[in-house]
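Visitor: Okay, here's the structure, questions in a sec.
Each reported figure results from applying straightforward, stated rules to the coordinates on display, with no laboratory input. Quick caveat, the model's predicted, so the values are computed rather than measured. When we count neighbours, we look across all protein chains shown, and the Cβ atoms used for this are built from the backbone with ideal geometry, even at glycine.
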Amino acid sequence: MPVIRISEDNFQRLQRWAIPLEDTVDSALAKVLTAAEADRPRTEVSEMPASPKIRPERTGEAIPDARYYALIIRALSEAEGRASKSAVTRRIGEWLASELSPDDHVTVATGESRWENRVAWARNRLRESGYLRADSPRGMWELTPKGRELASSERWPRGWFAPSID
């Protein structure tokens, strides 16, 4: 059975369609869909225009991706080149605590906060660029020789931020 996540507001709206102690979320949703379909004929998927991805509106400035790259490298360097995803993310959260906005703490579709999700995406880009190992066990992040060299160097790729947090 697929799992869907809905906002608290939409859940409360859905509850208005439900009979207490009788309807499930699924049966209440079926009532809503039946009512919606009665108002307009069903459109075949092939006839529907592509819908843009809807993202929660941001009100603050996003932390640049390059900042996350540098912080991941630094966190792994502090951990002698290898650490769990949760340890790296926790360390980055400590460093960025005063910079993260309420928007950064919004939960995204993956179930994690927006900033944690951006850390995970930054890790993927570092792996694709050869700074992190691609064959590490699930949940473990490791520097490659290229990543170790970068961590010990004063020369960061163009556009990256030197990872000074102190």
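Visitor: Under the Karplus relation 6.51 cos²θ - 1.76 cosθ + 1.60, θ = phi - 60°, what is the ordered set of whole-Hz ³J(HN,Hα) values for region 135-150, x standing for Gly and Pro?
Guide: Coupling constants for region 135-150: 9, 5, x, 3, x, 10, 10, 9, 6, 8, x, 4, x, 5, 4, 4 Hz.
Visitor: 5 Å is the cut-off here: which amide hydrogens, built 1.01 Å from N in the peptide plane, fall below it relative to L132, excluding neighbours closer than 5 in sequence?
Guide: R127, T144
Visitor: For region 65-151, just list the percent of Cα-Cα distances falling in each 5 Å bin from zero outward, please.
Guide: 3, 16, 28, 26, 16, 9, 3, 0
Visitor: Could you sort 30-37, 112-119 so that the peptide with the highest average Cβ count within 10 Å comes first and the rest follow in order? Before the final figure, lay out each step's value.
Guide: Working: 30-37: 11.4, 112-119: 19.6.
Descending mean neighbour count gives 112-119, 30-37.
Visitor: Using a basic spin-label model with each label point 7 Å from the Cα along Cα→Cβ, how many nm lie between I19 and R90?
Guide: 5.0
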